[in-house]
Each structure stands twice: as structure tokens, then as C-alpha cells.
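The values are calculated or read from the model by the stated rules, or taken from the named source; none is laboratory data. Computed from a predicted model, the values in this text were never measured in an experiment. A quick note on method: Cβ atoms are made from the backbone with ideal geometry, for glycine too, and the neighbour counts reach across all protein chains shown. These accessible areas exclude ligands, DNA and RNA; they are computed on the full protein's heavy atoms, side chains included. Shrake-Rupley method; radii C 1.70, N 1.55, O 1.52, S 1.80 Å.
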Amino acid sequence: MMTPISENTATKRYVENALRSERRHFKIYAVLLLLALVAPFVVYPVFLMKILCFALFAVAFNLLLGYVGLLSFGHAAFLATGGYTTGYLLSTYSGFSTELAILLATAASTLLGLLFGVLAIRRQGIYFAMITLALAQLVFFFYLQSPFTGGEDGMHGIPRGALLGFIDLQNNLMMYYFVLAVFVFGFGLVRRIVHSPYGQILKAIKENEPRATSLGYNVDQYKLVAFVVSAGLAGLAGSVKTIVFQLASLNDAHWHMSGEVVLMTLLGGVGTLLGPVIGAAFVVSLEHQLAQSALGNWVNVILGIIFIVCVLTFRAGIVGEFQKFFKKNFR
Amino acid sequence: MSSEFVLETRNLVKEFKGFTAVDNVDLKVRRGHIHALIGPNGAGKTTVFNLLTKFLIPTRGQILFNDQDITSLKSAAIARMGIIRSFQISAVFPHMTALENVRVALQRFEGSSFHFWKSEKSLNKLNDKAYALLESVGLQEFANTVTVELSYGRKRALELATTLAMEPELVLLDEPTQGMGHEDVDRVVELIRKAAEGRTILMVEHNLSVVSKLCDRITVLTRGAVLTEGNYQEVSQNPVVKEAYMGSEATTLEGAH
Amino acid sequence: MSMIFGVPVAVLSGQLLLGLINGAFYALLSLGLAVIFGLLKIINFSHGAFYMLGALLTVVLFNTLGVNYWMALFLAPLIVGIVGVLVEYFLLRKIANEDHIYSLLLTFGLALVIQGVLTNIYGVSGMRYAIPEVFRGGVNLGFMFLPYYRAWVIVAALVVCFGTWFMIEKTKLGSYLRAGTENSKLMQAFGINVPLLVSLTYGFGVMLAAFAGVLAAPIYSVTPVMGANILIIVFAVVVIGGMGSIIGAIVTGLAMGVIEGLTKVFYPEAASTVIFLVMVLVLLVKPAGLFGKEA
Amino acid sequence: MTDAIKPNYEQLKLTDLHAFYGESHILHGIDLLVRRGELVTLLGRNGAGRSTTLKAIMNMVGRRTGSIMINGRETIGIPAHHIARLGVGYCPEERGIFASLNVEENLLLPPTVRSDGMALDEIYEMFPNLYERRFSQGTRLSGGEQQMLAMARILRTGANLLLLDEITEGLAPVIVQKLAEVLIKLKEKGLTIILVEQNFRFAAPLADRHYLMEHGQIVEEIDASELSAKQELLNTYLGV
Amino acid sequence: AISNNEVRIGYLADMSGTYRDLAGPNGLTALQMAIEDFGGQVHGAPIRVLSADDRNSADVASSTVRQWVERDNVDMVAGMVASSVTLAAVRILEQNDKLGIVSGSAASSITNEHCSPNHIHYVYDTYPLAHGTAQAVVQEGGDSWFILTADYAFGHALEADVEKVVLENGGRVIQKVRHPFPTSDFSSFILQAQSSGASVVALANAGSDTTNAITTAGEFGLTQSGQTLAALLLFLTDVHALGVEAAQGIQLTTGWYWDMNDETRAWSDRFMEKTGVRPTMVHAGIYSSTLHYLSAIEATGTDDTQTVRRHMMDTPINDMFAQNGIIREDGRMIHDMYLAQVKTPAESQNEWDLYNIVRTIPAEEAYRPLSESQCRLVNN
Ligand SMILES: Nc1ncnc2c1ncn2[C@@H]1O[C@H](COP(=O)(O)OP(=O)(O)OP(=O)(O)O)[C@@H](O)[C@H]1O
Ligand SMILES: Nc1ncnc2c1ncn2[C@@H]1O[C@H](COP(=O)(O)OP(=O)(O)OP(=O)(O)O)[C@@H](O)[C@H]1O
Ligand SMILES: CC(C)C[C@H](N)C(=O)O
Ligand SMILES: [Mg+2]
Ligand SMILES: [Mg+2]
């Protein structure tokens, strides 16, 4: 059906505004993608892959916190499930297809997300955060006790395999572009969701839940779908991370990991698409740099100071503050 | 149209820890009417609304909508059947523009509300309709204004536009003119009158001049129970109502007529 | 000897008692957390750090100044309380009107700083603090040997818990506190110095943590990281009890101690997980916790 | 004879009061004088700045400049919690009932600032609804009951300067009438009252004077005696 | 030849978490002491040290080591404490044919099922820990055992090793209880131990778990009621933290003690000057292994991994850390271990005067014999 071009100026302006901001975003994304394509020739690719994996994880998490207003404190469970499933498949069945492993791992996290979601989605605010935490702790316990995970020692030496059977992922550069592709897919999906008819409803729910209900939207279902998608993407991040590092460990399932992703997201800017990406890059680089510097044993102190400073001075996060600054001065 | 009454409650009861806020209420709202629910503070009016929309669960009793029992349905399902409420405090989506506020409501008929793979541009075809609704409540200039920046009265108007966008059969309004200046009150009265075309409205209101101007039928609640029912004339003459609710105001009003 | 599930009854009653004692710790810690959350809506992730600070101060004050246990019991919470007041005044106050999540981030950062600095000073091997003379030894209860110190812990913790509960729920000061946190502007308009009240409340909440720390010093190894892991357990207790419910925190604290104690007998590996299982079950049945008010 | 009971004693005097919320400048130089025992109203449309004037007096806005004399004392620089102690009682438009307290606790909450406040019994007599629900949670009351509670609670404190913001909002006509009687009684007792009202019919017979506000300024001062003469003017400003 | 004209050593350890004190920043100091003592260069090539906090995370370890070997051309990685870290690191070292010298970890599996031609396990492992202590205790008449195990790989390994020794020596294990890692309150477990009626209560855990358990055992009068407490892994720092009052009489197995002879004392004094504390066996092991590694480069003139490793294996270690230490083909460095007993307060002269060495456990007896090895490098 042809949409009639509207005659009245208010709606025309609305459409134009939307288009303009989309074009501007598109330019930013294009530049970033270009940077990402050449980055491995300048920066150590494995390090970049680590950033991308965490960025995807944070983007998935932000879909919930930033766009539905749900603080999940149990996202580590999905990351770990993605990782362990991949690890299990690839190391138990030699020659198992890498892409199939990733797919199955993502499916496994999605299912787990569904289970968590069904149990948690009705709870509000801090109770939601805590029930997700509790469920994730149970998952942690399961992985700790299950023999196939190697407990505290973790799963090591997971083969990277070859993509579609011929692209050798053992090669860091190949691996990098594959991870980048996965990331772009995940990011694109989240962007699409946020700017979709469904995204509008999510936004409405976040803004005023009782009102959305009274307009006839079954808010629990909308939230649940977002939760499940977020879980699936977190699992995807975990799966790819496992392939990159060829290892899956309990760290991924620990509540610290759930906390870390909150920090990344807040630091980068919650409710902005690029915020979690920048936040993840920032935290990963910082930890990496500090751990190896002379300040090695001061890592926690420095991180702590950064969190405090962030909360006190740039609460909207790096990207959020930048947007505010831009709006104030250039528009 | 099917039946004479859009909404009916039978022996509706709500108890809070031994306190009966709604006590055996039988309410019948006739199709096409503007029906008012009045009564002293704490009579249970808001509670009745909350029961009708399932923000509270009835202790006992039945709720019928178009002769269909909806007692066990959930809030969202009730809204989908065509019963939409407004809130005592204004309910909008503060960080969306007025246009988007209305669009969220219109979207429900699109069946695309779960379509996460589509672009939100697909919603632009609703813009004109949304705009028309904004126009109908006098908000055309504010279509692209973020809702937080609207004044109180305009927020109420927007809320009404959103409500109308749902094309409800029955609209529940809880004190729609509360906190408004006289000018706004008159505007809202007009709005409600307009909204009532082809619909049924059930409202709670303490402003008797609004009630007298708008309402076809009035139910008076006291202490959770129905005291009497009738048109404004009948109700305002009732000495018990005067005593319990209107005080001397009813007479003053009449004098003013 | 009679048995329950293959465990002698005598042993079981010993375990119950120990669970209760541990629960007293949980109660004390979660009480502070509940006070701070319930009244200030601050998710205090530095609670564990303040608990540790209480214990560490006890040891350090003794080693450097020869401060004895009884003085420490008073002095360490006081110092920590003052630190808490300063933290509230210089940091938390700045974000009082923001989303809870920022207080979480800030206090988490603070905990990292406190723990990190102290780790670099004192290491992680831990320090020991001797049980005060009067509480050395114990009494044989027939089914177990009860060290006097543990008996003291439960008495002290319960007295402090119920004292706090009484103050908040039953006194005028308590009602100022509850109201001030809901609408501080209005309370100020009524003539109450709310900012001061808030600082003092936060200080008091962390004081409770420090008090627990002092009680813990003689029986656990005192290290700068001793508070890191206890935090989420204590959080779980508060949530199970119903966030903000004072009595909920106390009762749940005690109950969790017992449940955890029994788990240590029947399925020890799960001892630190069982509380989360309980949390899931409770929240499924009572969405706002055992004593929480549903919104 | 002390100052405080002299007639014509200046209970509240605002001079060139400006108030801001963050960046936005809301009040633009308010001058206003209320004497002991007077009841004045602030009238105006939604958003005119009436509530803000009361909040500015209570030091509840972002920033204020100018002068606010209460009982002859400059209060522009003193912290919010000291203002009530000067004998000021404030009833906010959003009612401010505390969810964590029950009705009676809410009622007993504001500290007494002077000795001659109403006793609890008197208050319960005036608002039987509150007596009936005295042990239920404050915010579980109906909208109107909450309004009664908000009003009742400052009557207890003995404040002799009352700032009342839209107290008839959402109340049944009978209660409104009762409130009018209460205000008359309070006036007789010598209390000074500033009333922000939408309900002109309620306010008109009670007030000694009316201030008309628009865009954060006082545009007109009308004495009760001039009311009929200036009806026209009122109509244009308020649309009555 | 020496790659990049520089010998690059990466030091990977927990710098800020639970295992910080037994290796941590002071381990880096020990490593640097070795390099200084060696003269700062080999064959004119400078020796450079990189260090990183592994945060006890396999992830961090893996990405750090990967970057070290792939980008920074690190030749050898030292330190390594948590077994998950060690296993992650040695995998990558193997893939890239670089060398790892593990000094902090305990798990004997590191040179058993997880052995590789690219790493050496230097200081100690769970096998001698279990053997030394358990054997001694059983022989002294402690024949019925209650084992309290930290519920993770290291604890399980220790538990298994102990159980075997106890059974071999004619004792029996009455009860095994696994506690979560970490645990702070051990009262319930101690009570279980008391009511089990076992004559020996063995702690198969480490760090603060062990010290907490020992403290609680003291509080509940475990030893007064006639039971023996055996801590299977105690580092000097743990005993120091406990104090002789609480720890007195406990028997433990260690790979080294600072106060054994003049040589150890001299080195320890230097160490203490720099760090303010006495070295643990891990610190000493890091020093010794680094010296041994550098000597091998000097001798062979190359930093090629296999050449160096071969040479290290062919050369016995004789220094303040070990006499006649031998690196076996599975990568296990075997050396004499010591059964020590914590001094009584009366015996202890100063805060670090903590152990009496009860007896020496000869290297061959201490470590798992190659005949029992599951290492793929060992042909059985
Ligand atoms: N959740 C609740 N728990 C306990 N009591 C309640 C609850 N909700 C309402 N009530 C009580 O039920 C009675 C009816 O309240 P309701 O809000 O329906 O009154 P209303 O008729 O709308 O009054 P108003 O005109 O003042 O808004 C009141 O006395 C109120 O205190
Ligand atoms: N917290 C705030 N931050 C920013 N602007 C505010 C705030 N509160 C009020 N305002 C603005 O100040 C102006 C005056 O508001 P005020 O509440 O004093 O009006 P009012 O005369 O009491 O009207 P109403 O009948 O709506 O209560 C309005 O334009 C309002 O938008
Ligand atoms: C106990 C620790 C020092 C050793 C480590 N956890 C390992 O398993 O090797
Ligand atoms: Mg109502
Ligand atoms: Mg107002």
C-alpha cells in the first residue's frame, strides 16, 4: 500500500526530523564500521575481539535496561550458557561445525532466557534485579557442579574450527572479521528492534507501564520478548567469546560478570545505542592496560575511582553526555 | 447494537482487610449515556474503577460488558475489549512527543506491535490520523512537543486524545477536571461531550456543575454502597444525597441556572 | 541415638543453634542494608566494605593503640559511622534524586577503592584477633560445645537488632526517618532537618555493619576482602525479607542462617547457593518478599 | 503588648521575590503583604506561579532572590527546616501523604511549632473519615481523604501562618463547605492564611483580599469590598 | 640466537585477590631479584619483564598471555596461581611454543593429565602435600579421618590424594565434606567433624578458607577434645596471619622455608628488605626458577623454548631453593619437600619464626612417580 504523503506540516516535520537523525546516525555508523575494518592492522586483533564480544554483551543487556527499563542482574547466566554450550559441542564432537555450535548455543541461551523471563518478568524494579540474580546463581551452581564444565578449572583448548568448513578461524584476522560480522548483526538487530513498531511499545512501557496496560497492551509479553532476545544475544556474545579465547570458564557465570555489564552500560551511556559499545571498549581496555601496568595492584582502586567520578560528573555516560553536549551546543 | 446496557455489575464487593470499600454494587450503564458516579470522599468510586479495569481484583461479584462476563479477564484484555480508563493523575508517556503518544495507541489496531523487524517508519502512515486526533483536542500546535513540556491541562487533553484513539466503547474518566482552571474546565467539558458521540462514558467527578451539564444519569455511592440513582434533577433533590454529599450546593446551583 | 535423615538429633540441634548464631550476623548486616535502602533508597554496595572496616579497625586499633575489645566495640562502629556520614555528605548526597542504580554504582566503586587500598596495605592473608578473655572457652550443652563468644554474638546481635527495630518502627524519630525519605522537601517544610537525618541514617546503617565486623573479628580471619562475598548473600536476605522491611531483615536473617546451617549438613556444596533458591521460591509466591508491602 | 498580637502586624512580607527552577525563571518580582489575622487568596490560571510562590516562601524551589520577611524576620537565607519553626504551616497541592506511615502517624508527624494547635480529638471530630481509617496506610486513603489529612495535619502544629494550596481539590461539596467553616473559625482565632484556589466560589466569601497572578507576577490586588466592582476584570483573568 | 635481541619474561599472578599474598606483587620482586642477580642481561641481550594481574580469571589470563606471546614476543611466563589461570595460560603457551614456569599453582594435574612440553611445575603440588602430611599423621596413629574439602578442582585433587595415602597406610576415611569456596563460617563443619568421631580432621583447602577453619577449630576446642588437625596446604603467610597461638602444633608440608640454612636466610633477608615480609615457598621458587631459566639461555645461547627446556631438564638445580632438583620429562620439578610443624608461642622467637622442620621428604618419595603418570609425554 502506498502511504499518502502527508499534507500537514507538523507530521511532515516529524518525518523529516526522523530522517535527518537517521542519516546522521548512518554517517556515524559508517565511519565506525570503517574504523573497525582497519583496526586489526593497528591494534592487536584478539584484544579487539574481546572488546567486540563484551560490546555485544553490553548491547544485549542495554536492550533491557535502556529500552525497557529492566535491570537484569543475572545476564552472566546467558553469557556463560552460550560459552559452555559452544565449548561442549566443539570439544566433545570433533569436527563439529562452528556455525552450528554458535547457533545451538544461542538457542540454548534463548531458551534459558525464556525460563528466566517467565519466572521473573512479573516482578518490579529491584525485585526483578534480585530474582534474575538468584536464578543466575542457581545456574552458576549448576555449572560449578557439572562435570562437563571442568568446574573452577574451566574448559580449555576448545577448537576454533573453520567457518563454513573453509575459512580458517585459527587465523586471528579471519576470526576478527567473523566476530565483527557477528557483532554488526547483533548491533543491527538491537537497533532495528529499538526503532521498530515494537520498539515504540517498549518505549511506552518504559515510560508509563500502567498507561500502556490501560491502552490494551499486555506489557508482560512485550517485556518477555525483549528479555528473551536480550538473553539470546548475550548467549551469542558468550559463544563467540568462547571461540575466540578457546576457553569457557566459571568467570562468565559469576555475578561479577553480571555486575560488570551493568557498569559498562552505565559508563558508556544507558539507553543509547553506542553507549554500551563505548562502555565495553573503555572498561575492557582500562582493565587490560591497568592490569599490565606498574599500577597492576591498584586496578580495583582505579576502577572504583572511575565509577565514582562517572556517577558524580557524567551520569549520562560517555555517549549520553556527548549527546547532551551536542544537543546543547549545535542544535 | 446488542443490549441496552454496555456495562453491568452484579453484587460487586471489594474488601480490604476487613474494611468493605465497595459493598454490593449493582451498576448499570446504558449505551450512549454519560453516566456519573458521585459520592462523598472515600465512598469507593475510584475503587470501583479499579475493579472494572482489574487494577484491583474484586472480592466477590460479577462484571458484565455487553452481556459478557469479564470478571476474570486481565487489565490489558479488558482494554482490548474496548474499556479504556483515564487516571486521576494524568497518564502520558513523558519523553515521547504528543504525536507519538497518540500513535502508540493507534498502533494497537495495526497488529504490528510485535514487529521488531520492521522500521518504525512503517508507523508514519498513522501520523495523519494521530494528528487529526490531536486537532480534535486542540493540541495541533504541540504535535512535535515532548510531552513533559506540556502544561497540566494540555496533558489531560493529550490523555483524552490517546484514549479516543483506542476507539473505546466505554470510557472511564476519574475526575477529569480536577485541578483545572475554569477555562480549562469548560474546554474539557466540551471535549467530553464530543468524545461521547457514539460512545458511553462513565465518570467520577466532584464538580457538580460539570456533572449537571454533562451527565444523563448519576449513581450516588456512599460507604461503598449505592445510595440512589437518577438524573441530576432527581438526585439533587434527594435529601439524603444533600445531607451526605452535596450540602447546600445543589440548591445554590439550581439558583444559578 | 535417634536420627533424622541419617543425622543424629543431637548433631542436628547443634547445627540449628549454630545456624541461628550465623543468622544473627546476617540479621545485623541485612538490617543495616535494609535501613539504608528502606529509608534512603540507596542500594549500598559498600556495606560489605564497611563490615570489613569494622573488623579491620578492631584489629588495627588493637595492634597500634592497644585498644581492647570493649572499646573497639564502641569505637570501630563510631569511626565507621563517621566515615559513613562523610560519604553521604560528600558523595551520595550529590545523587540523591537520581535513579537507585547510580547509588549502586557509586557505592560499588567506593567498595572497590576501600578494599583495594587496604589490600595494598594489609595484604589478603588476614589478621587474627584473639577472643576477649572473658569469652574464652565455652560450655558443653550435651549436644555440642558452645563457645561463650558465640553465645555473646547472638545476644549482642539480637539486642542491637531489636533496639533498631524499635527505634525505627515505634518512635517519633523513626517516623521522621520514614517520612523524610519519602518526601524530604515536605519534611523540611515541616521543620525537620532532613539532610542531617539522612547523613545520620546512612552513618547508622554502616555502623551496624561495622558492629557486625567487630563481632566477627575474633572468629573469622580479618582481611580487606572479607566483606566482598558476603554482600550479595546479605542482599538476598533483605530481598527475601522484603526490601525496606526492618523486621523482615531481622527474621529472614535468622531464618537464613538456620537454613544455610542445615544445608551444610545435608548438601554442603550448596550451602552458599541455597539462599538464592529460597529467594526464587519466595519471590515467586510473594513478589514483594516475606514482609514487603506489595505496591 | 508584644509585637505579635498587635493588629496590623506584618506577618508576611514579600519584596521583589524572584524564584527559579534550575534554569527557568518562574517568579518575576512578587510584592505582597499579609497582616496578622488576614485571609488572602492567590488567584490565577494554571501555571501562573501561585504554588511556586508558596514553595518559595517555604524555600522549596531551586533558587530565590529578593526578600521574604516572616514575623519581621528575613528568611531568604535560612534553611528550609527553620522556616516552619517560625510558625508557618504548609499544605502542598500534591498533598504529600506518606505511604510509610499510617493515617494517625501522618497526622502526628509535623512537629508542633507553637503551643496552641488543635488537639487530635478536635481534628477527628472535624474529619470523621480520618478517625475511621486512622490505622490504615496513609496513601491507601481515597483522594479526598488524603486531602483532608494533608489539611488536618498542619492544624495540629499550632502554626499561625497557613499556606494552603488548592485544599478543596477533589473534595465532595459537603466537605468543601465544612472546610469553609473551619477557615472562618481559624480566622477568628487570629490565624493568618494564604489560600491558593481554583474554586473561586469557595474562596470569595472567605477572603479579605485577592491577589491576581499571571506569568509569575502579581497583576492586580482586589479588596473583598471591590469584588463586585471588579467582577469584569476577574472574568477576563480567570474566565469565571 | 636470542629472539628480538631481548629475553622477555611475563609475570602473571593474582595481584589483588585472594591469592595475592602467596605470590602477587612480591613474586614480581622475587623475579626481578633473580634478574638483577643474573646481571640484567644474557649474552648482551637485556632481560625485560612484563607483568599482569590475572584477577584469578582464565579469561584475563588467556587474553594476556595470548597478547604476550603473539604480539609482545614474550619468551617465558612465570608465576601463575589459580589453576584455571594456569591451565588457560599453558594451553596458549603450547600453541605458540613458548615456555611457562608455574610456581604458584597446587594442582598435581598440571603435570599429570594436563602436562605439555611447554611448561614446568616448579615449587610443589597436591601430591606431596597430601603425602607428606597424611603419611606422617597416619603413622603417628591418626587412623580415622574426616576430610573437609574446598569444593573446587584443587580441593578435589587434594582430597583424592589424601584419601589414597590414608588408605594405603592402613587408615580409613570416615567422612568427607565439601564446603563452598569461599566460606567464612566453618562452625557447622567443625561441629560435623567433632561429632564424626574421627581422630584426624584434615583441611583440603587453602588461603582464608584454611585459616578460618583453623580459627574456628580452636574456638570450638577441636584439639582439646582429642582430635588432630591437619592442614594440607598452608603458606607461610597463612600461618603468619593465624599467629603461633592459634596455629601451634599443626603439621604441614612445604617445599621450602626461609629459616632452613644460611643461604635461605641470606636471600630472605634481602627479600624482606624490599618487601617487608618473609618469602613464601612460591616467592623463593620464582626466584630460583628464573635463575635456572636464565642460566639455560646463557648456556645454550638461545631462547628457543625447547632448547632451553631441554637444558633446564638436563641441569640439576642447586641453589638456595633446592638441592639436586630435577625437572622430569612431564615438566615436574622434583625436589625435597619438608614436613614442618608450627612452633609453640614459647618456641617462636619473632613474628616470622614459625616452623620447626620435622623431617625431609626425599624428592623421589614426595612426588607422584612417573610410573603412575598419565602424562602424554611419559611413555608408560
Ligand atoms: N488499597 C487499599 N487498601 C485499603 N483501603 C483502601 C485501599 N484503596 C482504597 N481504600 C479505602 O477504600 C475507601 C474507598 O476509596 P476510593 O479511593 O474508592 O474512594 P473515592 O470514592 O474514589 O474517594 P475520592 O472522591 O476521595 O477520590 C476509602 O476509605 C479508602 O481509604
Ligand atoms: N519543578 C519544576 N521545574 C521546572 N518548572 C516548574 C517546576 N514546577 C513548576 N514549574 C513551572 O513553573 C510555572 C508555575 O508553576 P506553578 O506550579 O507555580 O503554577 P500554579 O499557578 O500553581 O498552577 P497550577 O494550577 O497548575 O497548580 C509553570 O509554568 C510550571 O511549568
Ligand atoms: C590454592 C592455590 C594456591 C592454588 C590454586 N587454587 C590451584 O588450584 O592450583
Ligand atoms: Mg477517587
Ligand atoms: Mg499550583
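Quick notes on this one:
- Filter pass, E:D97 being open to solvent by 10 Å² or more (accessible area, probe 1.4 Å), closer than 30 Å to E:D72 by Cβ and away from ligand 4 (no atom under 16 Å from the Cβ): yes
- Candidates C:I101, C:I131: the one that is touching a residue at least 12 places away in the same chain (Cβ under 8 Å), facing another protein chain (nearest Cβ under 9 Å) and part of a loop (DSSP other than H, G, I, E, B) is C:I131.
- Cβ pairs under 8 Å, 6+ apart, first in segment D:195-222 and at pLDDT 90 or above, second assigned to a loop (DSSP other than H, G, I, E, B) and within 16 Å of ligand 1 (Cβ to nearest atom): D:L195/D:I167; D:V196/D:E93; D:V196/D:E166
- C:S46, sole failed condition from (1) surrounded by fewer than 24 Cβ atoms within 10 Å (Cβ to Cβ); (2) touching a residue at least 60 places away in the same chain (Cβ under 8 Å); (3) of a type in the set (G, A, S): (1)
- Of the criteria (1) within 14 Å of chain C (Cβ to nearest Cβ); (2) more than 15 Å from ligand 2 (Cβ to nearest atom); (3) among the aliphatic types (A, V, I, L, M), which one D:V34 fails: (1)
- From the list C:L12, C:L17, C:L57, the lone residue that is part of a helix (DSSP H, G or I) and under 17 Å from the mean Cα position of the chain (by Cα) is C:L57.
- Of all residues in segment A:141-187, those that are within 11 Å of chain E (Cβ to nearest Cβ) and of a type in the set (D, E) total 2.
- Listed by position, the helices (runs of 4 or more DSSP H) inside segment C:137-237 whose residues that are under 13 Å from the mean Cα position of the chain (by Cα) number at least 1 are C:148-170, C:194-216.
- Residues of segment A:291-314 that are more than 8 Å from chain C (Cβ to nearest Cβ), at pLDDT below 90 and open to solvent by 20 Å² or more (accessible area, probe 1.4 Å): A:Q292, A:S293, A:A294, A:L295, A:F314.
- Test result for B:K125, over 24 Å from D:E169 (Cβ atoms), under 17 Å from the mean Cα position of the chain (by Cα) and without any contact (Cβ under 8 Å) to a residue 60 or more places away in the chain: no
- Verdict on A:F116 being of a type in the set (F, W, Y), at pLDDT 95 or above, under 26 Å from C:V239 (Cβ atoms) and open to solvent by less than 50 Å² (accessible area, probe 1.4 Å): yes
- Qualifying position, being within 14 Å of chain A (Cβ to nearest Cβ) and under 27 Å from E:P362 (Cα atoms), among E:G142, E:G155: E:G155
- Restricting the search to helices (runs of 4 or more DSSP H) fully inside segment E:218-315 and requiring at least 1 residues that are away from chain C (no Cβ under 12 Å) gives E:262-275, E:281-300, E:305-314.
- Residue in segment A:67-88 that is part of a helix (DSSP H, G or I), farther than 25 Å from A:V225 by Cβ and open to solvent by 10 Å² or more (accessible area, probe 1.4 Å) present: yes
- Total residues in segment A:174-217 satisfying the condition of being open to solvent by less than 30 Å² (accessible area, probe 1.4 Å) and touching a residue at least 24 places away in the same chain (Cβ under 8 Å): the figure is 15.
- Breaking point among (1) more than 13 Å from the chain's Cα centre (by Cα); (2) more than 17 Å from E:T149 (Cα to Cα), for E:L236: (1)
- Cross-chain or 6+ apart pairs with Cβ under 9 Å, segment D:13-24 first and closer than 10 Å to D:V61 by Cβ and open to solvent by 40 Å² or more (accessible area, probe 1.4 Å), then more than 16 Å from ligand 3 (Cβ to nearest atom) and among the aromatic types (F, W, Y): none
- Of all residue pairs spaced 6 or more apart or on separate chains, those with beta-carbon atoms under 9 Å, a first member in segment A:224-235 that is without any contact (Cβ under 8 Å) to a residue 60 or more places away in the chain and a second member that is open to solvent by less than 10 Å² (accessible area, probe 1.4 Å) and of a type in the set (F, W, Y) are A:V225/A:Y198.
Conditions tested, residue by residue: (1) within 15 Å of ligand 1 (Cβ to nearest atom); (2) among the acidic types (D, E); (3) open to solvent by 50 Å² or more (accessible area, probe 1.4 Å).
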position: D:I78; (1), (2), (3): no, no, no
position: D:G96; (1), (2), (3): no, no, no
position: D:L101; (1), (2), (3): yes, no, no
position: D:L109; (1), (2), (3): no, no, no
position: D:E122; (1), (2), (3): no, yes, yes
position: D:E125; (1), (2), (3): no, yes, yes
position: D:Y131; (1), (2), (3): yes, no, yes
position: D:R134; (1), (2), (3): yes, no, yes
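- Answer from D:E74, D:E122 - the residue that is more than 14 Å from chain B (Cβ to nearest Cβ), more than 16 Å from ligand 2 (Cβ to nearest atom), within 26 Å of D:I175 (Cα to Cα) and acidic (D, E): D:E122
- Identity of the residue in segment E:75-105, within 26 Å of E:V42 (Cβ to Cβ) and part of a helix (DSSP H, G or I), that ends up farthest from ligand 5 (Cβ to nearest atom): E:E94
- From the options B:D174, B:D186, residue that is open to solvent by less than 30 Å² (accessible area, probe 1.4 Å), within 11 Å of chain D (Cβ to nearest Cβ) and not aromatic (F, W, Y): B:D174
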